[in-house]
Amino acid sequence: MKTLRTLRPAAVAALALALAAPVSAAHAQSTADRAAPLVASVQEAAAGVVLPSPGGPSPVGRSTLHLVDRARQDLWVPERPRELMVDMYYPARDAGRTPAPYADPREARRLVEAAGGQDAAAGEKLGATRTHGFAGARPDRGRHPLVLLSPGFGAPRFTLTTLAEELASRGYVVALVDHANESSGTVFPGGRLLTCVACEKAETLEDMRKATVNRGQDLSFVIDRLTGPRPAWKHAALIDRKRIGAAGHSLGGAAAASAMARDGRVLAGINMDGTFGDPVPEGGLGKRPFMMLGTDDPVHQPGGGDPTWDVAWRNLDGWKRWLGVTGAHHFSFSDVPVLLDQLNMPYPGSQPTLPAGRSVDVTRAYATAFFDLHLRNRPQPLLDGPSPQNPEVRFIQPAR
């Protein structure tokens, strides 16, 4: 495996970004104090890539954790313990003064190079991007559901930033996970840049099964460190331990299902266009809800090119949906469409007909509706059947 791959037959890993949101004046001491952060934010946004703002009512806070599971060796570098970088997005009381960076400049350059970009300016533009999350923002009061997000194989965690920020703006705590040695480039403490060793080592379906199980274990470990007796995150009191979900793109979506199969704390999950490398057990997932959200192409059609979706559908024993998005690309369920448009880079493989803005809207709408229904018990007519507001989304009903 010499290129960055997902579990689907795609050749290139994703790019991602976010826009620096305007800085709140809540804590400003003078007109000058208020103006300076706003001007800086606008300048940074102009230099970087621009993503849609989160649609929820809450400002978004962000902090980053480095977690080490000393009970497990890394699957790809066995001489090292398993390490994770985790961005925590959460609803805040007000915006902070420092919009968090989208990616370290080295991470940005490596991602552009991995995606085949030859223009150094593209890496610089991605590296200059700021998020809508504010470092150090004061968290909102109360307890909130936790959603874990895992990116595609070869893709850094920040390729799911738009979804993470959307969920946080609507009252969720989100743990966005980077899995060591499985991305184009991730900076770890000490300035270490870990690259995609897995992209070289994973060659067989059994390798990908192990990778999926391993990621599921990563997600469970994150839950342990966020909800255990000595939590790794200073705002862990925000988390409602009885309302936890998981979702991901490609391998990350398969990992959500794998985590649910082994960890009863994960109450609901979404696989966004990923092959189920670790099959859903024949006995199901304990009647817990699961949604399959993917492209509406021959790969993810009943009886199509990815038989693991047919098997998963048969074995899922709780509330379930199989949604196909017409005109979508494999990467349409991440930040990639907006990034490629603004970085003037071509899509890997075929060009989608679904516009970048619509891909973001659809992914956010259906993922949020799913978790609102199953972690908050709020009725969601959007999930009952086709809607004229979302003509691209097809409800697939395979014969069992």
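Before moving on, here are some points about what is shown:
- Within segment 304-313, one or more residues are closer than 22 Å to residue 350 by Cα and in contact (Cβ under 8 Å) with a residue 12 or more places away in the chain.
- Qualifying residue in segment 346-360 (condition: in contact with a strand residue (DSSP E or B) (Cβ under 9 Å, 6 or more places away or on another chain), in a helix (DSSP H, G or I), of a type outside the set (Asp, Glu) and buried (at least 23 other Cβ atoms within 10 Å of the Cβ)): yes
- Test for residue 238: is it more than 25 Å from residue 359 (Cα to Cα) and surrounded by fewer than 24 Cβ atoms within 10 Å (Cβ to Cβ): yes
- Subset of segment 99-128 (residues that are surrounded by 18 or more Cβ atoms within 10 Å (Cβ to Cβ), closer than 21 Å to residue 175 by Cβ and either more than 17 Å from the chain's Cα centre (by Cα) or of a type in the set (Gly, Ala, Ser) (or both)): 99, 100, 103
- Residue in segment 303-322 that is of a type outside the set (A, V, I, L, M), buried (at least 16 other Cβ atoms within 10 Å of the Cβ), part of a helix (DSSP H, G or I) and touching a helix residue (DSSP H, G or I) at 6+ places or on another chain (Cβ under 7 Å) present: yes
- A residue that is surrounded by fewer than 24 Cβ atoms within 10 Å (Cβ to Cβ), in contact with a helix residue (DSSP H, G or I) (Cβ under 8 Å, 6 or more places away or on another chain) and basic (Lys, Arg) cannot be found anywhere in segment 132-140.
- Unmet requirement for residue 148, which otherwise passes all of (1) in a helix (DSSP H, G or I); (2) touching a residue at least 12 places away in the same chain (Cβ under 8 Å); (3) not β-branched (Val, Ile, Thr): (1)
- Of the residues in segment 203-224, not one is of a type in the set (Lys, Arg), surrounded by fewer than 23 Cβ atoms within 10 Å (Cβ to Cβ), part of a loop (DSSP other than H, G, I, E, B) and at negative phi.
- Qualifying residue in segment 361-374 (condition: in a strand (DSSP E or B), in contact with a Leu (Cβ under 7 Å, 6 or more places away or on another chain) and within 20 Å of residue 165 (Cβ to Cβ)): no
- Here residue 272 clears all of (1) surrounded by fewer than 24 Cβ atoms within 10 Å (Cβ to Cβ); (2) out of contact with any Pro (no Cβ under 7 Å at 6 or more places or on another chain); (3) within 24 Å of residue 349 (Cβ to Cβ) except the condition numbered (1).
- Reported count of residues in segment 245-264, each being more than 15 Å from residue 177 (Cα to Cα) and either out of contact with any Ser or Thr (no Cβ under 8 Å at 6 or more places or on another chain) or surrounded by 24 or more Cβ atoms within 10 Å (Cβ to Cβ) (or both), is 5.
FYI, it's all coordinate maths here, none of it is from the lab. All figures in this text were calculated on a predicted structure; none of them were measured in a lab. Heads up, the Cβs are rebuilt from the backbone with ideal geometry, glycines too, and the neighbour counts pull from every protein chain shown.
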